[in-house]
Amino acid sequence: MSSASIEPWDLPTLDAAESHLRQSAFRPFHLRNLINGDLLAASSDCDSIASFNPKTGQQFASVPNSSPDVVDQAVRAAEQAFPAWAATSPSLRSQYLQRIAAGIEARRELFAVWESIDQGKTLARARVEIDRAVSNFRYFSTYILHQETHARWTDTNILTYEHRSPKGVFALISPWNMPLYLLTWKIAPCLAFGCTAVAKPSEVTSVSAYLLATVFQEAELPAGVINLVFGGGNPTGSALIRHPRVKGVSFTGGTATGRQIRRDTVDEIGKYLSLELGGKNPTLVFEDVDLEKAVATAAAAAFENQGEICLCGSRVYVQRSIWDAFLPRFVQYVRTNYVVGKNVGAVVSLPHYRKIRQYLTIAADDPATVFHLGSVPVETPESGYWIEPSILTVSDSSCLLKDEIFGPVVTLTPFDTEREAIEKANDSEYGLASVLLTNDGSRMRRVGEKIDAGLVWVNSWLVRELGTPFGGMKASGTGREGGEYSRDVFTTVRTLHIPQA
Ligand code: NDP
């Protein structure tokens, strides 16, 4: 096989992938859109976007920046496929989803290797996310076999029941932090409930979706049921969500983009929007905790995947009575267990590196700041976008307490009372997730039920059961996904009223 014809698909281990990328003759892979069942080379009206390996800073892929015409082609393919797909039985759709799950699982290492190279995450972290992508398909493949719906009788004995049907073509748009996991969290329920789709991953991390296209082909999904278009937020994402034949949008990404999508679809009142947006999540540490366990949970919540998980707890509030005991243990634990290059990956891109650096520079310029760990990284890294975990105390008015940084940066702040802890936790425009660390059973509910967050984890973090509602409050979004909540996203309900004959 000539070097030029080798694809990521042909390089299933880290050794094979890295040695291929090191070859002097290496040329970036050219990703192709999946439209109507075919992988198509970029059309002449599309420019391309360079995709970089965050661990080295080298370009390794070229992503088509799909034009509105290409998006239109994909939406029409999905629209054409919709009536037949919507009419298939749940058991047939279930079989397709099982085949897709098996196809990813059989190439777990291939997906993990390329997810790690594309996003910067560690290989260990990538493996976890690939397993969760498999679970997304498995979960919805069985969910649709056991659905329940409501039936009621009026007092005049009229039977009423809810009938659900798939909404139609969906736009599925995902961000760069957990590329395959978040994209499949949308694709699996969308297909399971009988909708067809055009999906667009982030332009920064498109490779795992490109690999997934081949799995779809191997699973012999009918042409057009799922289409993948690559490209930037503008033109590709924007053309997709605004397309008049798209009936719904399931979007995960930043709050600013969520607002833009709202604005761009404001006149299409019937277009369904599910928006999973940003977060600035609090971790509350009460004085009654087991310190060692609390330190480990708070650290994982802060620094897993370099802090690039929307659910990361980047504001840690510690009860003052244990502040002096917690702080040095936390710093030491992070120093030992979150080592850059070992269990902390590189941040996703140079612009993101610079954004994180800018926040650390602002903090360093403020005399009220204390760096307990970490420092301001250099402006232009020589090789790869590596940032050491940073633990800071900052002034109450600091933007580091307000803005989503989305990197390995955490603030620590003391509090005195339970009430103050709740006020501080809720002092944010966001309301996605939170961690509550306490051994007091009554406090778990007393505080947990007052935190403005769609997800509250008590003495735990990132635990997921795929039937539970997932989503945020306030600027973290609208809508919930998971189990029956995903069914609400992808199906429309009509209520039938049938009198006794
Ligand atoms: P962005 O909002 O920048 O991008 C998300 C996706 O939207 C990308 O595919 C992007 O394309 C696309 N996009 C950008 N502009 C538009 C537009 N006008 N119309 C349609 N699509 C568009 O987010 P990031 O990729 O930077 O991801 C980080 C953000 O995602 C953080 O705020 C994080 O909190 C949030 N997030 C939320 C989660 C949740 O469940 N609530 C989970 C994970 C992340 P492109 O990248 O090609 O520009």
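In the range 358-380, what residues are open to solvent by less than 60 Å² (accessible area, probe 1.4 Å) and either modelled with pLDDT under 95 or not hydroxyl-bearing (Ser, Thr, Tyr) (or both)? Residues satisfying the conditions are Leu360, Ala363, Ala364, Asp366, Ala368, His372, Leu373, Gly374, Val376, Pro377.
Suppose the filter is surrounded by 15 or more Cβ atoms within 10 Å (Cβ to Cβ) and touching a helix residue (DSSP H, G or I) at 6+ places or on another chain (Cβ under 9 Å); does Tyr385 pass it? Here the answer is yes, as Tyr385 does meet what is asked. Remark: pairs (first residue in the range 247-268, in a loop (DSSP other than H, G, I, E, B); second residue among the β-branched types (Val, Ile, Thr) and away from the ligand (no atom under 11 Å from the Cβ); Cβ separation under 7 Å; 6+ apart in sequence or on different chains) = Lys247/Val169. Taking the conditions (1) more than 16 Å from the ligand (Cβ to nearest atom); (2) in contact with a Leu (Cβ under 8 Å, 6 or more places away or on another chain) in turn, Ala219 satisfies each one other than (2). Of all residues in the range 269-293, those satisfying the criterion of being part of a loop (DSSP other than H, G, I, E, B) and either open to solvent by 10 Å² or more (accessible area, probe 1.4 Å) or more than 10 Å from the ligand (Cβ to nearest atom) (or both) are Ile269, Gly270, Lys271, Leu277, Phe286, Glu287, Asp288, Val289, Asp290. Taking the range 57-88 as the range and being open to solvent by less than 50 Å² (accessible area, probe 1.4 Å) and more than 18 Å from Val229 (Cβ to Cβ) as the test, the residues that pass are Gly57, Phe60, Trp85, Ala86, Thr88.
Applying the criterion of at least 3 residues that are surrounded by fewer than 16 Cβ atoms within 10 Å (Cβ to Cβ) to the strands (runs of 3 or more DSSP E) found wholly in the range 401-501 leaves 491-498. The combined condition, being more than 11 Å from the ligand (Cβ to nearest atom), under 19 Å from Thr88 (Cβ atoms) and out of contact with any strand residue (DSSP E or B) (no Cβ under 9 Å at 6 or more places or on another chain), is not fulfilled by Ala197.
Taking the criterion of being surrounded by fewer than 24 Cβ atoms within 10 Å (Cβ to Cβ) and within 16 Å of the ligand (Cβ to nearest atom), the residues of the range 222-238 that qualify are Gly232, Gly233, Asn234, Pro235, Ser238.
The values are calculated or read from the model by the stated rules, or taken from the named source; none is laboratory data. Bear in mind the structure is a predicted one, so any value in this text is a computation, not a measurement. Positions of Cβ are generated from backbone atoms using ideal geometry, with glycine treated the same way; all protein chains shown enter the neighbour counts. For the accessible areas, the whole protein counts, side chains as well, though only heavy atoms, and no ligand, DNA or RNA atoms are used. Shrake-Rupley method; radii C 1.70, N 1.55, O 1.52, S 1.80 Å.
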